[in-house]
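Following: one structure in structure tokens, then a few remarks.
The values are calculated or read from the model by the stated rules, or taken from the named source; none is laboratory data. Being a predicted model, the structure only gives us computed values, none of them experimental. Glycine gets a Cβ as well: all are built from the backbone with ideal geometry, and neighbour counts include every protein chain shown.
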Amino acid sequence: MPKGRGIRVAQAEATRAVLLRAARRLFTEKGFHATSTLEIVQAAGVTRGALQHHFPHKEDLFRAVFEQAGRGMVEATARRVATEGWPGLIEDLKDYLARIPTLEEQRISFIDGPAVLGWAEWRKLHTDYALRMFETAVGDGIARGLIRPQPPRALAHLILSIVEESSLMVLNAIDLEITRAEVEMAILSLLSAIEPGGRRQPESRRETDRGRTERQGRQARHTG
């Protein structure tokens, strides 16, 4: 590649990267619809022409940010699955549920994503990122005898759907901590059903029961 062209390519990549960083921050803080393209170019320190060159429509920029955020959410779990297999996925799911409210990717991935991209495209992108990793974990669990033998792909699809729905439930919760504990209990209960040795009592059971009692007490005081 000629030297001049190489410099132009590097400059173009740098411009694209700074646009993605600025857009990701603004989409996270304000949401897609409340963020203007003028705000994005000002935050990135580039011209509107540069934005339109790389991303002709704001939706194109959001899709690139969405893909970047999706890869970021999956990569750490994929590394853990690669080294620890199915047990690593279970532990990572627990960590993930605890971190949902603090993850900057959540608004982009689960709130604006379906609305901006459309449900079909949103679902396809999520599946593309995560399904292979979930399928690897399930295959490992079957090979170790931790999961009853079955086709891994179908089970991986269902687990991924459970995780996505759980994320939405926690993100929209009124009482965040109680909902998170209840969701964790439900997920672990469901996953225990695929083990060869029967059901395992979720570790979060006592935490969830205590949270439910506290919530019922608050409701009783309120109605009283």
Looking at ALA156, ALA130, which one is assigned by TED's automatic domain parsing to the domain that holds THR83, under 30 Å from GLU59 (Cβ atoms), buried (at least 17 other Cβ atoms within 10 Å of the Cβ) and over 11 Å from the mean Cα position of the chain (by Cα)? ALA156
Report whether or not LYS124 is over 13 Å from the mean Cα position of the chain (by Cα) and either surrounded by 20 or more Cβ atoms within 10 Å (Cβ to Cβ) or within 23 Å of GLU67 (Cβ to Cβ) (or both). yes
Can we say ILE142 is more than 30 Å from ALA23 (Cβ to Cβ), touching a helix residue (DSSP H, G or I) at 6+ places or on another chain (Cβ under 9 Å) and assigned to a helix (DSSP H, G or I)? yes
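For every residue, the table says whether it meets (1) at pLDDT 90 or above; (2) on the phi < 0 side of the Ramachandran plot; (3) buried (at least 20 other Cβ atoms within 10 Å of the Cβ).
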position: GLU84; (1), (2), (3): yes, yes, no
position: ALA137; (1), (2), (3): yes, yes, yes
position: LEU146; (1), (2), (3): yes, yes, no
position: PRO151; (1), (2), (3): yes, yes, no
position: LEU168; (1), (2), (3): no, yes, no
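Quick grid of which residues meet (1) over 23 Å from VAL74 (Cα atoms); (2) modelled with pLDDT of 85 or more; (3) of a type in the set (Lys, Arg):
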residue	(1), (2), (3)
HIS157	no, yes, no
LEU160	no, yes, no
ILE174	yes, yes, no
ALA181	no, yes, no
MET185	no, yes, no
LEU190	no, yes, no
PRO196	yes, yes, no
PRO202	yes, no, no
GLY211	yes, no, no
For SER167, all conditions in the list (1) within 15 Å of the chain's Cα centre (by Cα); (2) within 19 Å of ARG80 (Cα to Cα) hold save one; what is the number of the exception? (2)
If you check GLU59, GLU39, which single one turns out to be among the acidic types (Asp, Glu), part of a helix (DSSP H, G or I) and either free of Cβ contacts under 8 Å to residues at least 40 places away in the same chain or surrounded by 15 or more Cβ atoms within 10 Å (Cβ to Cβ) (or both)? GLU39
Restricting to segment 165-196, and then to whatever is among the β-branched types (Val, Ile, Thr) and assigned to a helix (DSSP H, G or I), can you tell me which residue is nearest to GLN150 (Cα to Cα)? ILE187
